[in-house]
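First up is the structure itself, then whatever we jot down about it.
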Amino acid sequence: MAKVTDLVKRLLVGRALRSGQLHEQLLPKRVALPVFASDALSSVAYAPQEILVILSLAGVSFYRYSPWVAAAVVIVMLTVVASYRQNVHAYPSGGGDYEVATVNLGKNAGLTVASALLVDYVLTVAVSVANGVDYVGATVPFVAEHKPTVAIVIVILLTIVNLRGIRESGVAFAVPTYAFMIAVLGMVTWGGFRLLVLGEDLQAPTAGFQVVPEMTDLTSFAAAFLVLRAFSSGCAALTGVEAISNGVPAFRKPKSKNAATTLLMMGLIAVTMFSGIIALGLVSGVTVAEPQHVAQDLLRPDGTPVGPDYYQQPIISQVADAVFGSGSLMFVVISAVTALILFLAANTAFNGFPVLGSILAQDRYLPRQLHTRGDRLAFSNGIVILALGACLLLWGFQADVSRLLNLYIVGVFVSFTLSQTGMVLHWTRHLKTETDPRVRFQMQRSRVINFFGGVMTALVLVVVLLTKFLVGAWIVCIAMPVLFLMMKGIRHHYDKVAAELAVTEDPDETMLPARNHAIVLVSKLHKPTLRALAYARATRPSTIEAVTVGVEGEEAANLQEEWERRGIPVPLKMLDSPYREITQPILDYVKTLRRRSPRDVVTVFIPEYVVGRWWEHLLHNQSALRLKARLLFKPGVMVTSVPWQLHSSDRLRARREPYAPGAVRRPWHEIEGDDEKAKA
């Protein structure tokens, strides 16, 4: 069974890598870009559309505000990119926002950032995969009918790829990510050329359509609130920017410089694609409505509703239709790579979440298992936990993108704001001691950038909370404090254990016990029992006795008779059990010995079978396992397992005989003689 499991693991994950091969997993910039930037780049597939969808609540006439909303999003995006370039230079260890907030604002601020990022990473996987399933479901009815199941299967596939190691996952995802960038940038370039150079008109499939406004006669305040809500939805384009600051250790040297360069490349490419898509969408007349109300609210040019059979194409598909024509090769390519990049956008979270989890585990805020690397030098436990969380969200929200988006970007802007505030304090602290004028100028410039970034992201956070709280963001506002308190509880537990285990100057802690009472548990007289007796005697305890529980009177009498007949030089004690219980009489007897001599220790030797097949475990009552579990909680009691490998075990397949060839099996009286010689 173990060999089959290992074979499957090697087939899916690959052969294990040595710790010394970690440097081979580091990423050059050309691979790091698709690994860490796929989330931020893929957001251009839905962020422009979200702006138009929210504005359409007041009718198509409100589309006139979309350029201003898009411009505000671009300003915030460039500001955040510039701010995080300062972060990766100042804190290259991979702690990212968590490290910045902890060092400059305190542990509670750091934990707040960590809880926000952990929640946001899980949502990134759920939103990206659900959105990709929507694209595929538009052309494959089976996928549309089984969205949650298909989405979960995709998360599992992404998990397996990431378990194979960061370098392999990067190479696997590089081609589709670059294909998406080239296709979208090519579309924007060709569309701009047709408009500006050739003077041609672009017509989207929905040009001339109208939207029935849900909000009419808006007051100035209501209109401003709607525009702010569209802005907050468009800020989804900023998600994933922070991933590079958390992944600096994965870059090749010089790590900080390569990370900062990759961050700049990602920001410029994302801004270009975002601006180009929304500009071409507006020029070509793209019209979209809320997905839930498309059938009733979206009207054809003749004023009739599109009806329930109408499928609303995403904004990228409509722009590709306008630029290249419906059914063209480039239209098909752009639709395909967009769906693929949305799936792969989850890979950013698969690289950010495990690293952050490892750092938190190292700081004792999460279980220590998250700090260990797997066979492929990836943080496997963190990858699996992220996948489980995303699968639960996809199942609970039925892979509905519109519902999941309402939970999105709250956490990331919490981390943005606290991180930039921490960076301002970081530069202020260093300016107090720095005397070099050139270095001081660079620090002052960085402080201005981070200050502006902190103000902008704080404003966006307020807008997001005001506009999205009642439609789902409240769930994140509850999840983050719960996660915060859980991490505080884990740290408290680890601190308490460390204090309890710390070595002090108390002489009682280093004193040997007065005596060691050895107890060998006996169920029947067979080879495992004889081995346990021999091993217990070899440890030279102060006293030794065999203990059995007399459940059946006849069996107990036969055991006593066989014991005496063989002349075993260890006294056998029979414990009564009128209720046919085995564990409790032994526990009571051990407790009696401890009460009689508190400074002594009691060592319990338990003979155990070792079987090789899974079904053989079902044929044994596992009484030894249950007894060990109970004895471990008894102070002053040591538990020693004495295994006896049956022929079905792997060890005995290679070596059928329990004794080496030519070994002489010595009788009890000779072993007793050795004991006497050793004492002399």
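Brief remarks on what is shown
- Ratio of Rg to Rh for region 249-348: 1.12 [Cα atoms; Kirkwood radius as inverse mean 1/r over pairs].
- Backbone N within region 29-52 under 20 Å of label point (7 Å from L185 Cα along the Cβ vector): 29-48
- Over the chain, Cα pairs under 8 Å with separation of 6+ residues give a relative contact order of 19 percent.
- Membrane-span-like helices in the chain, defined purely by DSSP H runs whose alpha carbon atoms cover 30 Å or more axially and whose average Kyte-Doolittle hydropathy reaches 0.0, are 66-90, 107-137, 166-196, 255-284, 410-431, 437-468, 474-501.
- Environment charge at S641 (Cβ cut-off 12 Å; Lys +1, Arg +1, Asp -1, Glu -1): +1
- Efficiency of FRET from Cβ geometry, L196 and H493, R₀ 45 Å, rounded to 0.05: 0.10
- Counted residue by residue at 0.36 nm each, then reduced by the alpha carbon distance between them, the extension gain from L632 to D217 reaches 142.1 nm.
- [x] 1.14; [y] 1.10; [z] 0.98, with the label sought being that of the calculated Rg/Rh (Cα atoms, Kirkwood Rh): [x]
- Under the simplified labelling scheme, the V439-Y310 pair shows an inter-label distance of 6.4 nm, with each label point 7 Å from Cα along Cα→Cβ.
- Reciprocal mean inverse distance between Cα atoms of region 101-145 - Kirkwood radius, Å: 12.6 Å
- Packing rank of 214-222, 539-547, where each peptide gets the mean count of other beta carbons within 10 Å, highest leading: 539-547, 214-222
- P(r) for region 523-575, from all Cα pairs and a bin width of 5 Å, is 4, 19, 32, 25, 14, 5, 1 %, short bins first.
- Within the shell of other residues whose beta carbon sits under 11 angstrom from the beta carbon of R440, the net charge comes to +2, with Lys and Arg scored +1 and Asp and Glu -1.
- Equivalent ellipsoid, region 423-498 (semi-axes from 5 times Cα gyration tensor eigenvalues, Å): 35, 25, 5
- Length available on full extension from W68 to K257: 0.36 nm per residue minus the Cα-Cα distance, which gives 64.7 nm.
- q = 0.17, 0.21 Å⁻¹, region 522-610: log10 I(q)/I(0) [Debye, one scatterer per Cα]: -0.79, -1.18
- Cut-off 12 Å, label 7 Å out along Cα→Cβ of L485, residues of region 331-372 by amide N: none
- The tail of the calculated P(r) for region 38-149 beyond 19 Å holds 65 percent of all Cα-Cα pairs.
- Using the average count of surrounding beta-carbon atoms within 10 Å as a protection proxy, the listed peptides 576-586, 525-535 rank, highest first, as 525-535, 576-586.
- Rounded, prolate or oblate (a/c below 1.5 giving rounded, otherwise prolate when a/b exceeds b/c) for region 399-532 by Cα gyration tensor: oblate
- A compact globular protein would have a Cα radius of gyration near 2.2 N^0.38 Å; the ratio found for region 327-419 is 1.36.
- Pairwise FRET efficiency - L78 versus V503, Cβ, R0 = 56 Å, nearest 0.05: 0.55
- Dividing the summed -39500 (n - 2.57) terms of all DSSP H runs of n ≥ 4 by the residue count of the chain sets its mean residue ellipticity at 222 nm at -20500 deg cm²/dmol.
- Sum of side-chain charges, V81 neighbourhood, beta-carbon under 15 Å (Lys, Arg +1; Asp, Glu -1): -2
- When each of the peptides 480-489, 596-605, 104-113, 234-243 is scored by how many other beta carbons lie within 10 Å of its residues on average, the order from highest to lowest is 234-243, 104-113, 596-605, 480-489.
Any read-out appearing in this document is the output of simple, stated calculations on the displayed coordinates, not a laboratory observation. Predicted model, so just to flag it, every value in this text is computed and none were measured. Cβ atoms come from the backbone with ideal geometry, glycine included; neighbour counts cover every protein chain shown.
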